[in-house]
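A short worksheet on the structure shown next.
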Amino acid sequence: MGLPLFNARLANDMYQPLLDKIKAKVTHWTNHCLRYAGKATLINSVIFGLNNFWGASVLLRKGVVKKITKLCKDFVWGIEEGSRRHVFMGWKSLSKPRQAGGIGIKEVLSWNGAQMVHWLWKLVNRPESIWAKWVHHYILKGTDFCLASTSVSHSWYWNNVVKVKDFLVTREGSQSLATKWILDCTKHGKFKAGMMYELIRDSYDLVHWAPLVFDKAVVPKHSFMGMMALQNSLPTIDNLTLRGLPLVNRCLLCCSQGEDLEHLFFSCPFSSLVWHKISSWLQVPYSADLAQVVNWFQAFLKGKDHISCGKRAGFLATLYYIWNERNARVFKGTMSSSEAICIKIKFVTRCRMY
Ligand SMILES: [Zn+2]
């Protein structure tokens, strides 16, 4: 199959069905109570699945990429059309891979570029295909594809393929390395856009706590909350006042000190009480210092046995239920004792262990 000879105007019109489909999916999902982990999975599987036809055929325009990204962003944060909401983590940070402290949502632009490399792969790896023969005969005319350049005499589609090639050559520094990159994305004789995506997406610094937070033993909503907490991205009162909200900074659990991340989760007398009970139950040392606790779990809890998994699940469940109790006091006006919270944590942890 060759590159269809659409022109730019026709391609512009064909973006609209893509955007309409994505919008319809997102609106449908918004009516369901989905957690963040589920939302990320849906975006990666369905949105990028819908995007596959267009993404593999044309370089999406910046405006389209921006619209798709906005639809995904509003869906994840639960922002309704036309409304605004304070979010405490930028989209770029949130969509980073899990190892880098995000929830792993694909970048629309990089995914589009990775899919377009399919055409280059076909030229290099399938020279016997009708399309490759046609391109070699009528466009390349015996020259290497790496030397091809955009031209008004060529179709808009072919020029898009050349732009992708130029991007790869610039990124890799040489034509031969770019070709090697393209060939490296072959698995079982087929081109794998996912492998190319990993090569061309933005690179990020890894975070040491990611294996702890995103452990399979941990409840996904606890992972998300833990990820936000460990990056100080929760709407704690100190974070809200930093953004200009006129609030009195007082911890809602002890009502005696200001609320910040360290205090709320560790040094607050109420949280300390919960941690003391849970850490003796989990048989892990207790520390009021967040970094120390994370390092301890990181260094000693890499085991795959159910006890180690339980300890990781218990750690994240404790963070989650302390935050949950704080929110229940603010938004529902209800209050639970530290014993009641410990019972919930132990129950969830036992379920995850077995
Ligand atoms: Zn407190």
Qualifying position, being within 26 Å of residue 101 (Cα to Cα), in contact (Cβ under 8 Å) with a residue 24 or more places away in the chain, within 16 Å of the ligand (Cβ to nearest atom) and not aromatic (Phe, Trp, Tyr), among 313, 317, 229: 229
Total residues in segment 236-256, condition at pLDDT 90 or above and near the ligand (Cβ under 8 Å from one of its atoms): 3
Count of segment 280-294 residues which are of a type outside the set (Val, Ile, Thr) and crowded, with 19+ Cβ neighbours inside 10 Å: 1
Residue within segment 7-15 that is surrounded by fewer than 18 Cβ atoms within 10 Å (Cβ to Cβ) and either under 24 Å from the mean Cα position of the chain (by Cα) or at pLDDT 70 or above (or both) present: yes
Residue in segment 116-126 that is surrounded by fewer than 17 Cβ atoms within 10 Å (Cβ to Cβ) and out of contact with any Phe, Trp or Tyr (no Cβ under 8 Å at 6 or more places or on another chain) present: yes
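From 267, 279, which residue is more than 16 Å from the ligand (Cβ to nearest atom) and either in contact with a Phe, Trp or Tyr (Cβ under 6 Å, 6 or more places away or on another chain) or modelled with pLDDT under 90 (or both)?
279
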Residues of segment 61-105 satisfying the condition of being surrounded by fewer than 16 Cβ atoms within 10 Å (Cβ to Cβ), modelled with pLDDT of 85 or more and within 19 Å of residue 15 (Cβ to Cβ): 66, 70
Wholly within segment 58-151, helices (runs of 4 or more DSSP H) carrying at least 1 residues that are touching a Ser or Thr at 6+ places or on another chain (Cβ under 8 Å) and in the same structural domain as residue 177 (by TED's automatic domain parsing): 108-125
Tabulated pairs, segment 14-35, first more than 15 Å from residue 72 (Cβ to Cβ), second at pLDDT 70 or above, C-beta under 8 angstrom, 6+ apart or interchain: 15/60; 15/61; 15/64; 35/220; 35/221; 35/224
So residue 39, is it surrounded by 16 or more Cβ atoms within 10 Å (Cβ to Cβ), at pLDDT 65 or above, part of a helix (DSSP H, G or I) and among the charged types (D, E, K, R): yes
Residue match in segment 234-257 (condition: surrounded by 19 or more Cβ atoms within 10 Å (Cβ to Cβ), in contact with a Ser or Thr (Cβ under 8 Å, 6 or more places away or on another chain), touching a residue at least 40 places away in the same chain (Cβ under 8 Å) and farther than 18 Å from residue 212 by Cα): yes
Unique residue being outside any helix (DSSP H, G or I), closer than 25 Å to residue 35 by Cβ and at pLDDT 85 or above when the list is 223, 203, 233: 233
Odd one out for residue 178, checked against (1) more than 18 Å from residue 59 (Cα to Cα); (2) surrounded by fewer than 17 Cβ atoms within 10 Å (Cβ to Cβ); (3) of a type in the set (A, V, I, L, M, F, W, C): (2)
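The values are calculated or read from the model by the stated rules, or taken from the named source; none is laboratory data. Remember, it's a predicted structure, so these values are computed and weren't measured experimentally. Cβ atoms come from the backbone with ideal geometry, glycine included; neighbour counts cover every protein chain shown.
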